[in-house]
Amino acid sequence: METLSEAQVASFRENGYIRLEGMFSPGEVREMGDELDYVMEAFANWDSAWKGPWRKEYMDEEEDAAATLVAIHELQHYSAAWSRAITKRELGASVGDLLGSDAVELHHVTLHAKPPDKGAPFPMHQDLPFFPHEDGRYADCLVHLDDADETSGCIKFLKGSHRLGKLEHITGAGTAPHLPTDRYRLQDAVSVPARAGDVVLFYLWTIHGSAVNHSGNWRRLVRLGFRDPRNRQEGGQGMGRPGFIVKGVRPKVDGVDVDVYGNWAQNRA
Ligand SMILES: O=C(O)CCC(=O)C(=O)O
């Protein structure tokens, strides 16, 4: 099943990101949003704003004190609407087109919800340090539950930055992984506003970040991580865990396949 045009695939490979409009219908968005609101109240962590000295350059003192982010992982463990969303046929097919892969595996699901007026920013970074993989066949997909724009802290990318490959990040106990703020500036990034139901996809190596939510509305995004199952994980979030296959069938690859019980071979090594 080929879903995207050649021009869309070429644009993704050139820029390192792409917005696909209306992946989810208004009815689907309503159901996903309602169940997400319940999960956020009942289970999520409301103290998830990214920490670190970089915050001084992104916020004044008042904003810094108020900055809030609501996060939780693996929504399919909490909500049937999200189980359906992550296996949407057109989405898996689109990721396959973008990565040039006949098989696509879900790697993780992560909510980043910025509350009205105080939603926390993200420093410029690649997602690489959070779940490093051997090669570039990995796409993150931001599912938009709300309209997101400049005021509400939409996602921003450094165009073509995936071509820089794997970059060394500033890490440590007191900070979220990020890139040096003088060399990789949010002001130089391209904003990608989106409507509820749109998805924005980008490579694991594309540099991105976002600003404070200054609007009076929520900006809820759910990130779905997808990879070619041949792309071996090297550490981090979801290491040693097989994911749903959302396009094609799992290829048999030494050390990266699952056993008859559904356990990943990497766990047996
Ligand atoms: O939610 C955002 O604005 C940024 C998300 C992000 O940096 C990420 O998903 O890695």
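For residue 9, the solvent-accessible surface with a 1.4 Å probe is about 20 Å², rounded to the nearest 10.
Within the shell of other residues whose beta carbon sits under 14 angstrom from the beta carbon of residue 165, the net charge comes to -1, with Lys and Arg scored +1 and Asp and Glu -1.
Along the stretch 117-123 the Karplus relation, 6.51 cos²θ - 1.76 cosθ + 1.60 evaluated at θ = phi - 60°, assigns HN-Hα couplings of 6, 9, x, 6, x, 10, x Hz to successive residues, with x for each Gly and Pro. Straight-line cross-link partners of residue 88 among the lysines, defined as a Cα under 23 Å from its Cα and at least 8 positions apart when in the same chain: 247. Per-residue ellipticity at 222 nm computed for the chain from its helices equals -6000 deg cm²/dmol, with DSSP H segments shorter than 4 residues left out and the rest contributing -39,500 (n - 2.57). When the solvent-accessible area of the chain is split by element, carbon and sulfur atoms take up 49 percent of it, the probe being 1.4 Å. On a 25 Å Cα-Cα criterion, which of the cross-link pairs 118/166; 56/156; 51/156 come out too long? Violating the 25 Å limit, Cα to Cα: 118/166.
Here the peptides 93-103, 74-84 are ranked by packing, the mean other Cβ count within 10 Å, and the order with the highest first is 93-103, 74-84. Working from Cα pairs under 8 Å separated by at least six residues, relative contact order for the stretch 6-268 is 30 percent.
On a per residue basis, the stretch 6-268 carries 44 Å² of accessible surface, using protein heavy atoms and a 1.4 Å probe. Based on C-alpha pairs under 8 angstrom that are at least 6 apart in sequence, the stretch 1-134 has a relative contact order of 31 percent.
Normalised by the number of residues in the stretch 196-269, the average gap of Cα pairs under 8 Å and 6 or more apart makes the relative contact order 21 percent. Mind running the shape call on the stretch 4-158? Use the C-alpha gyration tensor, a ≥ b ≥ c as the square roots of the eigenvalues: rounded below 1.5 for a/c, prolate if a/b tops b/c, oblate otherwise. It comes out oblate by the Cα gyration axes. Protein-only accessible surface at a 1.4 angstrom probe places the residues 43, 202 in the order 43, 202, largest first. A simple spin-label model places the labels of residue 51 and residue 253 3.5 nm from each other, with each point 7 Å out along Cα-to-Cβ.
The values are calculated or read from the model by the stated rules, or taken from the named source; none is laboratory data. Since the model is a prediction, treat every value here as computed from it, not as a measurement. When we count neighbours, we look across all protein chains shown, and the Cβ atoms used for this are built from the backbone with ideal geometry, even at glycine. Side chains included, ligands, DNA and RNA excluded: accessible areas come from the protein's heavy atoms. Shrake-Rupley method; radii C 1.70, N 1.55, O 1.52, S 1.80 Å.
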